[in-house]
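Just so it is clear, none of the values below were taken in a lab; they were calculated from the coordinates. The model shown is predicted, which means the values in this text are computed figures rather than measured ones. FYI the Cβ positions are ideal-geometry reconstructions off the backbone, even for glycines, and counts take in every protein chain you see.
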Amino acid sequence: MSPYKIAVVVGSLRQDSLNRKLAQAVVKLAPSDFTFRQVEIGNLPLYNQDDDANQAESVKQLKTEIREAQGLLFVTPEYNRSIPGVLKNALDQASRPYGQNVWAGKPAGILGASIGVIGTAMAQQHLRNVLAFLDVRALAQPEAFIHAKDGLFDASGNIGPDSKQFLQDWMDRYIAWVKKHVD
């Protein structure tokens, strides 16, 4: 079996983002037949329907990377009780023009970390609403609203011992979800 290719979409542009760190750490919990690649969303122009007939090269690149992936992994912070604008822009860009939605039919997992106790619960719910419209098959359970506190990551940037089993269980369910929808 060839490796499963997963496109990782991090909803934060900040280099030192908790969610970028989470994305980099959680993929290490996956089996070796899964490969993960973060897609670039920070260089996309703002979505404008006038550009549908002549999409920017960065949009074409994003669409190619999503099209070539067998699955999706969204790792996002919560901004103002919703998803960051850069993530919504990426979702819009790769779903347009109408009828050319490259997200459709892909299995997805959703994670998010925040210093707040409820993690990214509201952002994840809003993301699920958008993904449902885009025909993305998002893993429903277990949900993973990660409270980022001391020990979430170890000194090497891996998932720390207090969260490792929970996130390993989440990853195992995600892997099964992708295989169910790809095989």
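Would segment 4-182 count as rounded, prolate or oblate if I go by the C-alpha gyration tensor, calling it rounded below 1.5 in a/c and otherwise prolate when a/b exceeds b/c, oblate otherwise?
Prolate.
Once the Cα atoms of helix 161-182 and of the chain are each reduced to a long axis, what angle between those two axes, in degrees from 0 to 90 to the nearest 10, is obtained?
The helix 161-182 is inclined about 40 degrees to the chain.
Among DSSP beta bridges lying fully in the chain, give the percent that are antiparallel, nearest 5.
10 percent
5 Å is the cut-off here: which amide hydrogens, built 1.01 Å from N in the peptide plane, fall below it relative to Leu111, excluding neighbours closer than 5 in sequence?
Close amide H contacts, sequence-distant or interchain: Phe74, Val75, Thr76.
When the dipole is taken about the Cα centre of the chain, and only Lys, Arg (+1) and Asp, Glu (-1) are charged at their Cβ, what size is it in debye, to the nearest 20?
The dipole of the chain has a size of about 200 debye.
How many lysine pairs in segment 1-140, separated by 8 or more positions in sequence or lying on different chains, have Cα atoms less than 16 Å apart?
Pairs that pass both the separation and distance tests number 5.
Stretch Asn129-Glu68 to full length: gain in nm at 0.36 nm per residue minus the Cα-Cα span?
Extra length from Asn129 to Glu68 when fully extended: 19.6 nm.
Most fluctuating residue of Gly160, Gly119, Gly109 in a GNM of the chain with Cα springs under 10 Å: which is it?
Answer for the Gaussian network model of the chain: Gly160.
For a quick check of your reading of the filter: which trypsin sites (Lys or Arg not before Pro) in segment 101-183 sit in a DSSP loop and have no more than 11 other Cβ atoms within 10 Å?
Answer in residue order: no site qualifies.
What percent do you get for the relative contact order of the chain when only Cα pairs under 8 Å and 6+ apart count?
Result for the chain is 24 percent.
For a test of the definition: using alpha carbon positions, the gyration tensor, and the 1.5 limit on a/c, classify segment 101-183 as rounded, prolate or oblate.
oblate
Run the numbers for Asp33 and His147: contour at 0.36 nm per residue of separation, minus the present Cα-Cα distance, in nm.
Here the answer is 38.1 nm.
Please find the FRET efficiency linking Lys88 to Ser156, where r is the Cβ-Cβ separation and R0 is fixed at 25 Å, and quote it to the nearest 0.05.
0.15
Could the peptides 4-10, 27-33, 92-98 be put in order, highest first, of the mean number of other beta-carbon atoms found within 10 Å of their residues?
Working: 4-10: 22.3, 27-33: 13.6, 92-98: 18.3.
Result, highest mean Cβ count within 10 Å first: 4-10, 92-98, 27-33.
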